[in-house]
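Structure first, then comments.
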Amino acid sequence: MKFLITGATGFVGKQLVKTLHQLKHEIVVLSRNGEKAKKLYHFPLTAFSWNPNTEPAPAAAFEGVDVVIHL
């Protein structure tokens, strides 16, 4: 499955992303700093930058997503 996760760099998010990766799921992260979020993990994932206070989430982040987890 393909998961989109906000809050992936927080305490719960980090554990969730690692667990989903171990279970062989595809992961998309929405973060205020997508590049920083991508560097946090030592495995491939897609990350988008998004400031929820000033803009809508990028539509491309939702393409093919099966599950959204908003932390």
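The values are calculated or read from the model by the stated rules, or taken from the named source; none is laboratory data. Computed from a predicted model, the values in this text were never measured in an experiment. Backbone-built Cβ (ideal geometry, glycine too); neighbour counts: all protein chains shown. Quick note on the areas: whole protein, heavy atoms, side chains included, nothing else; ligands and nucleic acids left out. Shrake-Rupley method; radii C 1.70, N 1.55, O 1.52, S 1.80 Å.
Points to keep in mind about this one:
- Enumeration of residues in region 21-49 that are more than 11 Å from the chain's Cα centre (by Cα) and among the hydrophobic types (A, V, I, L, M, F, W, C): Leu23, Leu40, Phe43
- Residue count, region 1-55 (criterion: aliphatic (A, V, I, L, M), under 14 Å from Val67 (Cβ atoms) and crowded, with 17+ Cβ neighbours inside 10 Å): 10
- Failed item, numbered, when Ala61 is tested on (1) open to solvent by 80 Å² or more (accessible area, probe 1.4 Å); (2) part of a helix (DSSP H, G or I): (1)
- Here Val12, Val65, Val17 are screened, and the one residue that is touching a residue at least 24 places away in the same chain (Cβ under 8 Å), out of contact with any strand residue (DSSP E or B) (no Cβ under 8 Å at 6 or more places or on another chain) and of a type in the set (Val, Ile, Thr) is Val12.
- Thr54 modelled with pLDDT of 95 or more, hydroxyl-bearing (Ser, Thr, Tyr) and not in a helix (DSSP H, G or I): yes
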